[in-house]
Amino acid sequence: MRIVIIGSGNVASVLGRLFVKNNHEILQVVSRNAAHAQALAAEFDCGFADYEGAINKEADLYLVAVVDSALYDLNNNLHLGNKLILHTAGSVSKDVLKQISINYGVLYPLQSLRKEMEYTREIPFLIDGNTDETITLIKDFAGTFSGHVVKAADDERLKLHVAAVVVSNFSNHLYAMAEKFCIKENVDFKLLLPLIKETAGRIEYISPAEVQTGPAMRKDVFTLDKHLRVLSDHPALKYIYLKLTDSIMKS
Ligand SMILES: NC(=O)c1ccc[n+]([C@@H]2O[C@H](COP(=O)([O-])OP(=O)(O)OC[C@H]3O[C@@H](n4cnc5c(N)ncnc54)[C@H](OP(=O)(O)O)[C@@H]3O)[C@@H](O)[C@H]2O)c1
(Lines give C-alpha, C1' and ligand atoms only; values in the text may rest on other atoms or scores of the structure.)
Protein backbone atom coordinates (compact mmCIF):
# COMPACT_ATOMS: atom_id res chain seq x y z
CA MET A 1 0.00 0.00 0.00
CA ARG A 2 1.07 3.62 -0.59
CA ILE A 3 0.15 5.45 2.57
CA VAL A 4 -0.36 9.00 3.85
CA ILE A 5 -0.23 9.21 7.64
CA ILE A 6 -2.19 12.02 9.29
CA GLY A 7 -0.79 12.60 12.79
CA SER A 8 2.73 12.37 14.13
CA GLY A 9 2.36 11.04 17.67
CA ASN A 10 2.73 7.61 19.24
CA VAL A 11 0.42 5.62 16.97
CA ALA A 12 1.53 7.39 13.77
CA SER A 13 5.17 6.63 14.64
CA VAL A 14 4.77 3.00 15.73
CA LEU A 15 2.36 1.99 12.94
CA GLY A 16 4.40 3.90 10.36
CA ARG A 17 7.48 1.87 11.30
CA LEU A 18 5.43 -1.32 11.13
CA PHE A 19 4.17 -0.42 7.64
CA VAL A 20 7.69 0.33 6.35
CA LYS A 21 9.08 -2.84 7.90
CA ASN A 22 6.44 -4.81 6.00
CA ASN A 23 7.18 -3.24 2.62
CA HIS A 24 4.45 -0.62 2.46
CA GLU A 25 5.44 2.84 1.27
CA ILE A 26 4.76 6.01 3.21
CA LEU A 27 4.31 8.93 0.81
CA GLN A 28 3.67 11.72 3.27
CA VAL A 29 3.18 12.63 6.94
CA VAL A 30 0.59 15.35 7.59
CA SER A 31 0.25 16.88 11.04
CA ARG A 32 -1.17 20.00 12.70
CA ASN A 33 2.34 21.02 13.71
CA ALA A 34 4.65 21.17 10.66
CA ALA A 35 7.80 20.50 12.72
CA HIS A 36 6.27 17.30 14.11
CA ALA A 37 5.26 16.18 10.60
CA GLN A 38 8.75 16.96 9.32
CA ALA A 39 10.48 15.01 12.10
CA LEU A 40 8.46 11.85 11.46
CA ALA A 41 8.69 12.26 7.67
CA ALA A 42 12.49 12.39 7.98
CA GLU A 43 12.39 8.94 9.62
CA PHE A 44 10.38 7.57 6.67
CA ASP A 45 12.23 9.60 4.04
CA CYS A 46 8.95 10.95 2.68
CA GLY A 47 7.14 14.27 2.16
CA PHE A 48 5.38 16.21 4.89
CA ALA A 49 2.78 18.95 5.30
CA ASP A 50 0.81 20.74 7.99
CA TYR A 51 -2.95 21.24 7.73
CA GLU A 52 -2.48 24.33 5.53
CA GLY A 53 -0.34 22.38 3.03
CA ALA A 54 -1.35 20.14 0.12
CA ILE A 55 -2.17 16.54 0.95
CA ASN A 56 -0.75 13.92 -1.41
CA LYS A 57 -3.68 12.45 -3.38
CA GLU A 58 -1.70 9.50 -4.85
CA ALA A 59 -1.96 7.20 -1.82
CA ASP A 60 -4.06 4.02 -1.56
CA LEU A 61 -4.63 4.53 2.17
CA TYR A 62 -4.97 7.53 4.50
CA LEU A 63 -4.35 6.61 8.13
CA VAL A 64 -5.57 9.16 10.66
CA ALA A 65 -3.87 8.81 14.06
CA VAL A 66 -4.78 12.00 15.91
CA VAL A 67 -6.42 12.68 19.29
CA ASP A 68 -10.01 11.44 19.34
CA SER A 69 -11.58 14.92 19.53
CA ALA A 70 -9.77 16.10 16.37
CA LEU A 71 -11.37 13.29 14.32
CA TYR A 72 -14.69 15.15 14.43
CA ASP A 73 -13.20 18.23 12.70
CA LEU A 74 -11.51 16.37 9.84
CA ASN A 75 -14.45 16.39 7.42
CA ASN A 76 -14.39 20.21 7.28
CA ASN A 77 -11.35 20.24 5.01
CA LEU A 78 -10.54 16.67 3.92
CA HIS A 79 -12.27 15.10 0.89
CA LEU A 80 -10.78 11.95 -0.60
CA GLY A 81 -13.39 10.60 -3.04
CA ASN A 82 -13.05 6.81 -2.98
CA LYS A 83 -9.63 6.58 -1.27
CA LEU A 84 -9.56 4.33 1.80
CA ILE A 85 -9.37 6.29 5.06
CA LEU A 86 -8.98 4.68 8.49
CA HIS A 87 -8.78 6.01 12.02
CA THR A 88 -7.10 4.30 14.98
CA ALA A 89 -9.39 5.18 17.90
CA GLY A 90 -11.04 2.65 20.21
CA SER A 91 -14.04 4.75 21.24
CA VAL A 92 -14.94 6.67 18.05
CA SER A 93 -17.40 5.33 15.46
CA LYS A 94 -16.07 4.64 11.98
CA ASP A 95 -18.88 6.92 10.72
CA VAL A 96 -16.89 9.97 11.81
CA LEU A 97 -15.09 9.49 8.45
CA LYS A 98 -18.12 9.00 6.22
CA GLN A 99 -18.16 12.53 4.75
CA ILE A 100 -14.50 12.21 3.70
CA SER A 101 -14.57 9.14 1.46
CA ILE A 102 -16.95 6.44 0.31
CA ASN A 103 -14.46 3.85 1.66
CA TYR A 104 -13.71 4.22 5.34
CA GLY A 105 -13.05 2.19 8.45
CA VAL A 106 -10.98 1.56 11.54
CA LEU A 107 -7.56 0.05 12.26
CA TYR A 108 -7.44 0.00 16.06
CA PRO A 109 -4.26 -1.33 17.67
CA LEU A 110 -5.25 -3.05 20.91
CA GLN A 111 -1.91 -2.34 22.52
CA SER A 112 -0.26 0.44 24.51
CA LEU A 113 1.98 2.25 22.01
CA ARG A 114 4.67 4.81 22.71
CA LYS A 115 6.88 6.27 20.02
CA GLU A 116 10.00 5.64 22.13
CA MET A 117 9.43 1.87 21.81
CA GLU A 118 12.32 0.52 19.80
CA TYR A 119 10.70 -2.78 18.98
CA THR A 120 7.07 -3.62 18.55
CA ARG A 121 5.45 -6.20 20.74
CA GLU A 122 2.56 -8.27 19.47
CA ILE A 123 -0.18 -5.91 18.38
CA PRO A 124 -3.71 -7.30 17.86
CA PHE A 125 -5.77 -5.11 15.51
CA LEU A 126 -9.52 -4.61 15.71
CA ILE A 127 -10.70 -3.61 12.27
CA ASP A 128 -13.94 -2.43 10.74
CA GLY A 129 -15.09 -0.98 7.44
CA ASN A 130 -18.23 0.45 5.86
CA THR A 131 -18.68 -2.34 3.27
CA ASP A 132 -17.74 -6.02 3.02
CA GLU A 133 -15.15 -5.16 0.34
CA THR A 134 -13.58 -2.51 2.57
CA ILE A 135 -13.46 -4.91 5.51
CA THR A 136 -11.70 -7.53 3.36
CA LEU A 137 -9.23 -4.93 2.11
CA ILE A 138 -8.40 -3.74 5.64
CA LYS A 139 -8.16 -7.32 6.92
CA ASP A 140 -5.73 -8.26 4.15
CA PHE A 141 -3.67 -5.12 4.75
CA ALA A 142 -3.50 -5.63 8.54
CA GLY A 143 -2.60 -9.29 7.95
CA THR A 144 0.65 -8.15 6.34
CA PHE A 145 1.94 -6.85 9.70
CA SER A 146 -0.08 -8.64 12.40
CA GLY A 147 -1.00 -12.26 13.02
CA HIS A 148 -3.94 -11.15 15.12
CA VAL A 149 -6.61 -9.27 13.15
CA VAL A 150 -10.25 -9.36 14.29
CA LYS A 151 -13.32 -7.60 12.92
CA ALA A 152 -15.09 -5.64 15.65
CA ALA A 153 -18.05 -3.30 15.16
CA ASP A 154 -18.14 0.13 16.85
CA ASP A 155 -19.93 -1.14 19.99
CA GLU A 156 -17.60 -4.15 20.44
CA ARG A 157 -14.53 -1.97 19.98
CA LEU A 158 -15.86 0.54 22.52
CA LYS A 159 -16.40 -2.23 25.09
CA LEU A 160 -12.92 -3.67 24.49
CA HIS A 161 -11.49 -0.16 24.87
CA VAL A 162 -13.15 0.09 28.31
CA ALA A 163 -11.61 -3.28 29.26
CA ALA A 164 -8.25 -2.13 27.86
CA VAL A 165 -8.30 0.96 30.09
CA VAL A 166 -8.96 -1.26 33.12
CA VAL A 167 -6.22 -3.83 32.42
CA SER A 168 -3.57 -1.41 31.15
CA ASN A 169 -4.11 2.17 32.32
CA PHE A 170 -5.48 1.24 35.74
CA SER A 171 -2.82 -1.43 36.38
CA ASN A 172 -0.12 1.04 35.44
CA HIS A 173 -1.62 3.65 37.75
CA LEU A 174 -1.46 1.12 40.58
CA TYR A 175 2.20 0.41 39.73
CA ALA A 176 2.87 4.17 39.87
CA MET A 177 1.14 4.49 43.25
CA ALA A 178 3.03 1.49 44.63
CA GLU A 179 6.33 2.90 43.35
CA LYS A 180 5.64 6.26 45.05
CA PHE A 181 4.78 4.41 48.28
CA CYS A 182 7.99 2.34 48.11
CA ILE A 183 10.14 5.42 47.52
CA LYS A 184 8.55 7.24 50.46
CA GLU A 185 8.86 4.17 52.72
CA ASN A 186 12.42 3.51 51.56
CA VAL A 187 11.90 -0.01 50.17
CA ASP A 188 12.91 -1.25 46.70
CA PHE A 189 10.00 -1.21 44.18
CA LYS A 190 12.10 -3.20 41.68
CA LEU A 191 11.91 -6.25 43.96
CA LEU A 192 8.24 -6.45 42.91
CA LEU A 193 8.95 -6.87 39.19
CA PRO A 194 9.02 -10.71 39.14
CA LEU A 195 5.67 -10.68 40.99
CA ILE A 196 4.18 -8.26 38.43
CA LYS A 197 5.37 -10.48 35.57
CA GLU A 198 4.12 -13.68 37.23
CA THR A 199 0.66 -12.18 37.88
CA ALA A 200 0.29 -10.96 34.29
CA GLY A 201 1.80 -14.11 32.76
CA ARG A 202 -0.34 -16.71 34.51
CA ILE A 203 -3.66 -15.36 33.17
CA GLU A 204 -2.66 -16.51 29.71
CA TYR A 205 -3.69 -20.00 30.84
CA ILE A 206 -6.12 -19.47 33.75
CA SER A 207 -9.01 -17.04 34.30
CA PRO A 208 -7.86 -14.18 36.58
CA ALA A 209 -10.88 -14.83 38.82
CA GLU A 210 -9.50 -18.30 39.56
CA VAL A 211 -6.04 -17.14 40.61
CA GLN A 212 -6.91 -14.22 42.87
CA THR A 213 -4.81 -14.37 46.04
CA GLY A 214 -4.03 -12.01 48.93
CA PRO A 215 -5.42 -11.00 52.34
CA ALA A 216 -8.72 -9.64 50.92
CA MET A 217 -9.41 -12.92 49.12
CA ARG A 218 -8.63 -14.86 52.33
CA LYS A 219 -10.70 -12.35 54.35
CA ASP A 220 -7.64 -12.04 56.62
CA VAL A 221 -8.82 -9.09 58.73
CA PHE A 222 -5.73 -9.22 60.97
CA THR A 223 -3.33 -8.56 58.06
CA LEU A 224 -5.67 -6.06 56.42
CA ASP A 225 -5.73 -4.05 59.61
CA LYS A 226 -1.91 -4.01 59.75
CA HIS A 227 -1.74 -2.80 56.14
CA LEU A 228 -4.23 -0.02 56.77
CA ARG A 229 -2.14 1.23 59.68
CA VAL A 230 0.96 1.39 57.42
CA LEU A 231 -1.15 3.27 54.85
CA SER A 232 -2.30 5.93 57.30
CA ASP A 233 0.31 8.34 55.87
CA HIS A 234 -0.79 7.57 52.30
CA PRO A 235 -4.47 8.60 52.06
CA ALA A 236 -4.79 8.29 48.25
CA LEU A 237 -3.34 4.76 48.25
CA LYS A 238 -5.36 3.83 51.36
CA TYR A 239 -8.56 4.89 49.55
CA ILE A 240 -7.79 2.66 46.53
CA TYR A 241 -6.67 -0.18 48.84
CA LEU A 242 -10.01 -0.10 50.67
CA LYS A 243 -12.07 0.10 47.44
CA LEU A 244 -10.23 -2.83 45.85
CA THR A 245 -10.30 -4.86 49.08
CA ASP A 246 -14.05 -4.38 49.20
CA SER A 247 -14.40 -5.38 45.54
CA ILE A 248 -12.28 -8.54 46.00
CA MET A 249 -14.23 -9.53 49.13
CA LYS A 250 -17.52 -9.20 47.21
CA SER A 251 -16.27 -11.09 44.13
N1 LIG B 1 -1.08 5.40 22.15
C2 LIG B 1 -1.79 4.30 22.28
O3 LIG B 1 -1.41 3.42 23.05
C4 LIG B 1 -3.03 4.10 21.45
C5 LIG B 1 -3.47 2.78 21.25
C6 LIG B 1 -4.60 2.57 20.47
C7 LIG B 1 -5.26 3.63 19.89
N8 LIG B 1 -4.82 4.92 20.12
C9 LIG B 1 -5.57 6.01 19.45
O10 LIG B 1 -4.77 6.53 18.40
C11 LIG B 1 -5.02 7.95 18.25
C12 LIG B 1 -3.72 8.71 18.38
O13 LIG B 1 -3.17 8.47 19.67
P14 LIG B 1 -1.63 8.78 20.00
O15 LIG B 1 -1.30 8.02 21.24
O16 LIG B 1 -0.79 8.61 18.79
O17 LIG B 1 -1.73 10.32 20.36
P18 LIG B 1 -0.50 11.34 20.57
O19 LIG B 1 0.79 10.63 20.64
O20 LIG B 1 -0.91 12.22 21.70
O21 LIG B 1 -0.53 12.19 19.23
C22 LIG B 1 -1.63 12.98 18.97
C23 LIG B 1 -1.60 13.50 17.55
O24 LIG B 1 -2.81 14.26 17.37
C25 LIG B 1 -2.48 15.53 16.84
N26 LIG B 1 -3.40 16.51 17.45
C27 LIG B 1 -3.53 16.81 18.75
N28 LIG B 1 -4.50 17.73 18.92
C29 LIG B 1 -4.99 18.00 17.69
C30 LIG B 1 -5.99 18.89 17.19
N31 LIG B 1 -6.73 19.62 18.02
N32 LIG B 1 -6.22 18.91 15.86
C33 LIG B 1 -5.50 18.14 15.02
N34 LIG B 1 -4.52 17.29 15.42
C35 LIG B 1 -4.27 17.23 16.74
C36 LIG B 1 -1.05 15.82 17.20
O37 LIG B 1 -0.50 16.59 16.15
P38 LIG B 1 0.67 17.65 16.39
O39 LIG B 1 1.71 16.95 17.20
O40 LIG B 1 1.12 17.98 15.01
O41 LIG B 1 0.04 18.79 17.13
C42 LIG B 1 -0.43 14.40 17.24
O43 LIG B 1 0.07 14.06 15.99
C44 LIG B 1 -6.08 8.29 19.30
O45 LIG B 1 -7.34 8.19 18.68
C46 LIG B 1 -5.92 7.19 20.34
O47 LIG B 1 -7.12 6.94 21.04
C48 LIG B 1 -3.73 5.17 20.88
- Item | Among beta bridges that DSSP assigns inside the chain, antiparallel share in %, nearest 5 | 20
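For segment 1-67, which GluC sites (Glu not before Pro) are both in a DSSP coil and crowded by at most 13 other Cβ atoms within 10 Å?
Qualifying residues, ordered by number: E52, E58.
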- Query: Near the amide H of K151, under 5 Å away, which other amide H atoms are found, from residues 5 or more places off or on another chain, if H is placed in the peptide plane?
  - Reply: I127
- Under 29 Å from the Cα of K139 - lysines, other chains or at least 8 residues apart: K21, K57, K83, K94, K98, K115, K151, K159
- Hey, can you find the accessible area per residue of segment 133-251 for me, probe 1.4 Å, expressed in square angstrom? 73
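How many percent of the accessible area of segment 11-159 is carbon or sulfur, using a 1.4 Å probe? Could you put the intermediate results ahead of the total?
Values: 3600 of 7530 Å².
Carbon plus sulfur share of accessible area: 48 percent.
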- Message: Full-extension gain between N82 and Y205, please, as 0.36 nm times their residue separation minus the C-alpha to C-alpha distance.
- Response: 39.9 nm
- The alpha-carbon center of segment 207-227 and that of segment 4-28 are separated, in whole Å, by 45
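Where in the chain lies the longest segment free of chymotrypsin sites (Phe, Trp or Tyr not before Pro) that are both loop residues by DSSP (not H, G, I, E, B) and have at most 10 other Cβ atoms within 10 Å?
Between the exposed loop sites, the longest stretch runs 120-204.
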- Task: Provide the FRET efficiency to the nearest 0.05 for the D50-K115 pair, computing r from the beta carbons and using R0 = 22 Å.
- Result: 0.70
- Query: How many nm is it between the label spots at A42 and L242, if each spot is 7 Å from the Cα in line with the beta carbon?
  - Reply: 5.3
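Mind listing which trypsin sites (Lys or Arg not before Pro) in segment 155-238 are in a DSSP loop and have 16 or fewer other Cβ atoms within 10 Å? Before the final figure, lay out the partial values.
Working: sites: R157, K159, K180, K184, K190, K197, R202, R218, K219, K226, R229, K238; in loops: R218, K219.
Qualifying residues, ordered by number: R218, K219.
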- Task: Note the per residue figure in Å³ for the convex hull of the C-alpha positions in the chain.
- Result: 160
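With only Lys, Arg, Asp and Glu charged, each at its Cβ (+1 for the first two, -1 for the last two), find how big the charge dipole of segment 2-152 is about the Cα centre; round to the nearest 20 debye.
Values: 13 positive and 17 negative charges, 33 e Å.
Once rounded to the nearest 20, the dipole reads 160 debye.
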- Message: Quick check: pseudo-label points 7 Å beyond the Cα along Cα→Cβ at L193 and D220, how many nm apart are they?
- Response: 2.6
- Query: At what distance in angstrom do the alpha carbon centres of segment 36-50 and segment 113-153 lie from each other?
  - Reply: 23
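For the pair D155 and N186, what calculated FRET efficiency results from E = 1/(1 + (r/R0)^6), where r is the Cβ-Cβ distance and R0 = 51 Å, to the nearest 0.05? Before the final figure, lay out each step's value.
Working: r = 48 Å, r/R0 = 0.94.
In this case the efficiency is close to 0.60.
In deg cm²/dmol, rounded to 500, what helix-only [θ] at 222 nm does the chain give when every DSSP H run of at least 4 residues adds -39500 (n - 2.57) and the total is split over its residues?
Values: 9 runs with 100 residues, N = 251.
One gets -12000 deg cm²/dmol as the mean residue ellipticity at 222 nm.
The values are calculated or read from the model by the stated rules, or taken from the named source; none is laboratory data. The shown structure was predicted, so the numbers you read here are calculated from the model rather than taken from an experiment. Cβ atoms come from the backbone with ideal geometry, glycine included; neighbour counts cover every protein chain shown. Each accessible area value is taken on the protein alone, full model and side chains, heavy atoms only, with ligands, DNA and RNA left out. Shrake-Rupley method; radii C 1.70, N 1.55, O 1.52, S 1.80 Å.
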